[in-house]
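Student: One structure, pasted below without further comment.
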Amino acid sequence: MIDNIYLMKQALKAAGEYGNVLSFKGETIIWKDGATPIDISSAVALLRRDNHVRTVKAEARKRIEAVAPVWKQVNTARENPSDPMFKKIDAIRDKSELIEAHLATLTDSEAGEYDIENSPLWD
């Protein structure tokens, strides 16, 4: 999982404020002018949520490719679009969406501790 300092830096870069940072002490930003020009907590939370979604999608991709690699999916789609493999893949995608929706209901701390790979929602 991505740490808070990385997320803070990404949020500052996205907001165009990274150049105003003197340094970091742990998770505290030391500003060049001594002031805090922006509140980045919401940006950090958004980036953290985006990271959770990317992690869920990566796990779904791994599970889908365990059912069938992309080349097999493409070839099968041409020859037999009703192959049962596609139902399995669709089920994985549906579960991925459920996990993403579930993560959105959690606090940042809860979401950070959530074991995406072993989520019971995959079952």
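The values are calculated or read from the model by the stated rules, or taken from the named source; none is laboratory data. Just so you know, these numbers come straight off a predicted model, no measurement behind them. Cβ sites come from the backbone with ideal geometry, for glycine too, and all protein chains shown count toward neighbours.
Student: When you scan region 40-56, do you find a residue that is more than 30 Å from Met8 (Cα to Cα), modelled with pLDDT of 85 or more and surrounded by 13 or more Cβ atoms within 10 Å (Cβ to Cβ), even just one?
Tutor: no
Student: From (1) modelled with pLDDT of 75 or more; (2) over 17 Å from Ala111 (Cβ atoms); (3) touching an Asp or Glu at 6+ places or on another chain (Cβ under 6 Å), pick out the condition that doesn't hold for Pro69.
Tutor: (3)
Condition check ((1) exposed (fewer than 11 other Cβ atoms within 10 Å of the Cβ); (2) closer than 29 Å to Leu46 by Cβ) across all residues:
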position: Gln73; (1), (2): no, no
position: Ala77; (1), (2): no, no
position: Asp83; (1), (2): no, no
position: Phe86; (1), (2): no, no
position: Ser96; (1), (2): no, yes
position: His102; (1), (2): no, yes
position: Thr105; (1), (2): yes, yes
position: Glu113; (1), (2): yes, yes
position: Glu117; (1), (2): no, yes
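Student: Considering region 28-39 alone, what residues qualify as being among the charged types (D, E, K, R) and modelled with pLDDT under 80?
Tutor: Within region 28-39, Asp33, Asp39 meet the criteria.
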